[in-house]
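What follows is one structure encoded as structure tokens, with my remarks underneath.
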Amino acid sequence: MSIELEKILRPVDHPMEPFPPKFMTLADGSEMVVRQVGREDMPSLLPHVAQLMLVERDQYDIVASRVYAELLSYYTHRVQDEYVLVAQIDGELAAIVNGRLVNPEVGMSYHTLAFRRGLRVGAHAFAAKMEYHIDILKQKEVLIVAESPIGFRRWMIEYKLEKRFHIPHELGGVPSWALTKELFDAARGSLIVGRRPVPGKLLKKAQEAILPPSDPPKPSKFLMAATRAKNDPTGTSLMLQRWKQEGRG
Amino acid sequence: MRNVYVAGLGLTAFSRLEFPLVELAGYPAMQAMKDAGVDRVDHLYVANMGGSRLNRQTGLASAVVDSLSLTPAGAESIENGPASGASALKQGYMAVASGLHDVVMVVGAERMREVNNLEATDFVATLTHPLAEYIYGVTLPSLAGMFTRLYMEKYGVTSRHLAMVAVKNHDNALLNPFAHIHQKITLEGILDSPEAMTNNPYVAEPLRFFDCCPVSDGGACLILVSEEEAKKLKKPLVRLAGVGQATDTHTVQERRDPTDLLAVRAAAAQAFAMAKVKPSDVGVAELHDAFTILEIVESEEVGFFKKGEGHRALERGETRLDGRIPINTSGGLKGKGHPVGATGVGQAHEIVTQLRGEAKKRQVKNARVGFTCNFGGFGNNVVCLVFVREG
């Protein structure tokens, strides 16, 4: 590919203030660091995202597939003004959140992908993303959609997002919702928490390496088994369980 | 009456299970039949609370008996709110003890995650008084919140005590592969850290997120048999030795002292008397901790501790896995989960597992008497069971 053509294909990023790292204590007492990562970190993140692409619970498959494409696009300069934040516990990758700027005043939230469940890891990482748009980049609002019902409860309901249904979101053209500066301020201290600066030792541990998630959601043995069972009034899955119990497969 | 024994056990994980309700009942039933070594039963009792409303499934017992190819055995569904499971076990007990049947299957199954949390909370709230409570927006968390506030003021229970119950039961659930919540929590993370209020927000003050049980799907099964059938088994003999049931006013506000759970007290006393054992004989117990406060209060009402001193025993570690009277070794409703119609059967499953010595990492040493308290409504219909290991 010629350099000239690459110049045309590659969007020019606008300068963005960096996200200052923060940390918070989780319900299990561990401390999670949220920090920004750059293009150079994408190759180390992609394999962890890829392993979630076949997890058919809670739209992990869709979200991971899209995040994979977004991180790859970021790495190969095929998306404009994207950023990526990671959440780490003891260096271990706990969540990835990303988004981009539509213009200086409006941001577009892409995804929140949690590798650990049940600790508000994704919620804390999402809050950090909103903080980046509103507090650091001084934007007026962020456009948001959710692929999963969990996401809908976490973002649309908990933050009481406003409808922007006339704006199709970049994720599938779905009607958008918006977190405004006012809504963000209302959530400050309750949903949006965390402390700065991150203690040196904690930050150093996070920056040294992004360690693989130790217990990420795993694909089921039989692809689409859960979906099939959900729509299966015939008892086929009961029969499969019976065979399994009898050691027949 | 004849002695009644537990011959077989079956359980699904308590979690979100994307299978039809009939299968949530069928899977543990097959496990229990295999465990008991039986290929026929005389009768099925199927405990379920929400099938008709949440899953558009009525006549559940008829569906289950056929899906298991157990026709022409008799089959009935039992609905008694969150105490449906223990109520079904009581029915199974009576059927065997009376000599009506020799082999009875008691299954509990519930699929609550088919609806969202708000709908599930509303569904459970329909067990409250329709005119005096429900129409005013009362939910089980709100009743429990008011109850907790009263209890705190009267007996000195604090948020830290509630959190200690949650931490203990989450720890126990981590040792139970069937538990819904496999999540370590700490007092620092849910109570003391600057982010604790976000990690553990109020649900119904003073109750917080980690004071409330999850909404779960799940199924559990016990097979009850006569003494003659039990002697054919090659398993430790566990006898269902005591059954007690009592009721209280439908509306909580009509109780003389709302902090007294009189139905728990009466049901436990009946069960202990029938089994000819005392609360101090109990080596392991499953109490209905839909809210953390309930574990503390029930531990007093059933006679493990004096009224108002359950939280002190908790402080001393007496209810821990290695304590004097381990409570909710399965993780309880808090950690193991609460698929309402299945919960009582699930509690019995844990106790029999413990008495058989099959609880592995969470095994309590030398327990020979086990106890369950299945709490329906907000304490208005309670069933308690006592199990004794023989031999």
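Between A:K138 and A:Q51, with labels modelled 7 Å along Cα→Cβ, what's the label distance in nm to one decimal, could you check? Taking the two extended label points, one gets 4.2 nm.
Our coupling estimate for the stretch A:165-177, obtained by passing each phi through the Karplus curve with A = 6.51, B = -1.76, C = 1.60 and θ = phi - 60°, is 5, 7, 10, x, 6, 5, 8, x, x, 6, x, 8, 10 Hz, Gly and Pro reported as x.
Across all C-alpha atoms in the stretch B:89-128, the radius of gyration and Dmax reach 16.2, 44 Å. Between B:A132 and A:E17, the FRET efficiency from the beta-carbon distance, with R0 = 51 Å, is close to 0.35.
The B:E315 and A:S190 beta-carbon pair, evaluated with R₀ = 35 Å, returns a calculated FRET efficiency of approximately 0.70. For chain B, the relative contact order is 26 percent, taking Cα pairs closer than 8 Å that sit 6 or more residues apart in sequence and dividing their mean separation by the residue count. Volume per residue of the convex hull around the Cα atoms, evaluated for the protein assembly as shown, comes out as 168 Å³. Pick from B:I135, B:I223, B:I325: which residue has the top mean-square fluctuation in a GNM of chain B where Cα pairs under 10 Å get a spring? Its mean-square fluctuation being the largest, the pick is B:I135.
Model label points for B:S280 and B:D39, set 7 angstrom from Cα along the Cα-to-Cβ axis, are 5.1 nm apart. With N the number of residues in the stretch A:109-205, Rg(Cα) / (2.2 N^0.38 Å) evaluates to 1.12.
As a length-normalised measure over Cα pairs under 8 Å and 6 or more apart, the relative contact order of the stretch B:178-274 settles at 19 percent. At q = 0.21 Å⁻¹, work out log10 I(q)/I(0) for the stretch B:114-204 with the Debye formula, treating every Cα as an identical point scatterer and leaving solvent out; two decimals please. So the normalised log intensities are -1.17. The P(r) of the stretch B:288-391 has a tail past 16 Å containing 56 percent of all C-alpha pairs. Among the residues of B:61-71, the average count of other protein chain beta-carbon atoms within 10 Å of the residue beta-carbon is 1. Label-to-label distance for A:E40 and A:E162 is 4.1 nm, based on points extended 7 Å past Cα in the beta-carbon direction.
Remark: relative contact order (chain A) = 21 percent; criterion is Cα-Cα distance under 8 angstrom and separation of 6 or more residues. Between the residues B:F209, B:G219, B:Q253, the greatest Cα displacement towards the positive end of the dipole of the stretch B:182-285, with unit charges on the Cβ of Lys, Arg, Asp and Glu, is found for B:G219. Computed over the alpha-carbon atoms, the stretch A:3-218 gives an Rg to Rh ratio of 0.94, Rh here being the Kirkwood radius from the mean inverse distance. The lysines within cross-link reach of A:K181, meaning a Cα-to-Cα straight distance under 19 Å and a gap of 8 or more places when in the same chain, are A:K129, A:K138, A:K140, A:K160, A:K163. Whole percent per 5 Å bin, from 0 to the bin with the longest distance: what is P(r) over all C-alpha pairs of the stretch B:294-338? Here the calculated profile for the stretch B:294-338 is 6, 25, 30, 25, 12, 2. Using the Stokes-Einstein relation with a Kirkwood hydrodynamic radius computed over Cα pairs, the translational diffusion coefficient of the stretch A:20-83 at 25 °C and a viscosity of 0.890 mPa s comes to 183 µm²/s. Anyone know which of A:V84, A:V49, A:V198 comes out most mobile in the 10 Å Cα GNM of chain A? With Cα springs under 10 Å in chain A, the top fluctuation among A:V84, A:V49, A:V198 is at A:V198. Can you give the Kirkwood hydrodynamic radius of chain B from its Cα pairs, in Å with one decimal? Answer for chain B: a Kirkwood hydrodynamic radius of 20.4 Å.
Taking each residue as 0.36 nm, the span from B:S98 to B:N117 lengthens on full extension beyond its C-alpha to C-alpha distance by 2.7 nm. Potential lengthening of the chain between B:T247 and B:K361 amounts to 37.4 nm, from the contour at 0.36 nm per residue minus the alpha-carbon distance.
Read-outs: derived from the displayed coordinates by stated rules, not from any lab. Treat the numbers as computed from the prediction; the structure is a model and nothing was measured. We place every Cβ from the backbone using ideal geometry, glycine too, and count neighbours over all the protein chains shown.
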